[in-house]
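Undergrad: Before I ask anything, let me first share the structure, which is written out below as structure tokens.
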């Protein structure tokens with residue numbers, strides 16, 4: 001994920017709360033110029049995007065993400081099932097998945113890590129706290145962390 005080399009970073013943001021998704025999107029774009037955020041509202045759309053099905057078949061428009069920000073409480077297919085599907089797919093399992101959810105339930109946290117989530121973040125409620133999360137996310141995932149190159 002080398003935005004400094006001019007390569008765009010692709011993030012798939014999966015969240016049914018459009019306001020929070022918009023805040024995260026705007027904050028990420030302000031902090032990182034070479035970033036593409038692809039937003040979907042539910043688990044079915046997330047899986048269609050990741051497997052390039054239906055409306056998301058065009059890989060030029062919908063490239064494989066370098067990172068997935070995933071809410072757990074989403075319609076149609078819940079976030080844990082999306083996470084499990086990602087980590088069971090040999091083509092997707094290397095994509096880092098950050099669970100970004102309002103759930104602080106121990107069972108959700110255990111299951112998420114059991115399905116190989118790369119991180120679990122309890123979604124801040126206040127606008128400023130969401131901005132602070134993004135300010136922390138950016139330097140770690142896009143500058144400090146070294147991940148595998150996309151295949």
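Undergrad: Among 50, 72, 93, whose mean-square fluctuation peaks in a Gaussian network model of the chain (Cα, cutoff 10 Å)?
TA: 93
Undergrad: Report the relative contact order of region 39-80, percent, no decimals, based on alpha-carbon pairs under 8 angstrom and at least 6 residues apart.
TA: Across region 39-80, relative contact order equals 46 percent.
Undergrad: Ordered by packing density, taken as the mean number of other Cβ atoms within 10 Å over each peptide's residues, highest first, how do 26-32, 101-107 rank?
TA: Peptide ranking by packing, descending: 26-32, 101-107.
Undergrad: On to the next question. Please state the relative contact order of region 1-142 as a whole percent: Cα pairs under 8 Å, 6+ residues apart?
TA: Computed value for region 1-142: 24 percent relative contact order.
Undergrad: Identify which of 113, 76, 62 has the largest mean-square fluctuation in a Gaussian network model of the chain, with springs joining Cα atoms closer than 10 Å.
TA: Residue with maximal mean-square fluctuation among 113, 76, 62: 76.
Undergrad: By how many nm would the segment from residue 127 to residue 52 lengthen if fully extended, with 0.36 nm per residue of separation less the alpha-carbon distance?
TA: Working: separation 75, 0.36 × 75 = 27.00 nm, distance 3.27 nm.
Computed gain between residue 127 and residue 52 is 23.7 nm.
Undergrad: Want the number for residue 110 to residue 91: 0.36 nm per residue separation, take away the alpha-carbon distance, what's left? Provide the component values of the computation, followed by the final result.
TA: On the way: separation 19, 0.36 × 19 = 6.84 nm, distance 2.42 nm.
Gain on stretching residue 110 to residue 91: 4.4 nm.
Taken together, the values in this text are just the output of simple stated rules run on the coordinates, not laboratory data. This structure is a prediction, so every number in the text was calculated from the model and none was measured. Heads up, the Cβs are rebuilt from the backbone with ideal geometry, glycines too, and the neighbour counts pull from every protein chain shown.
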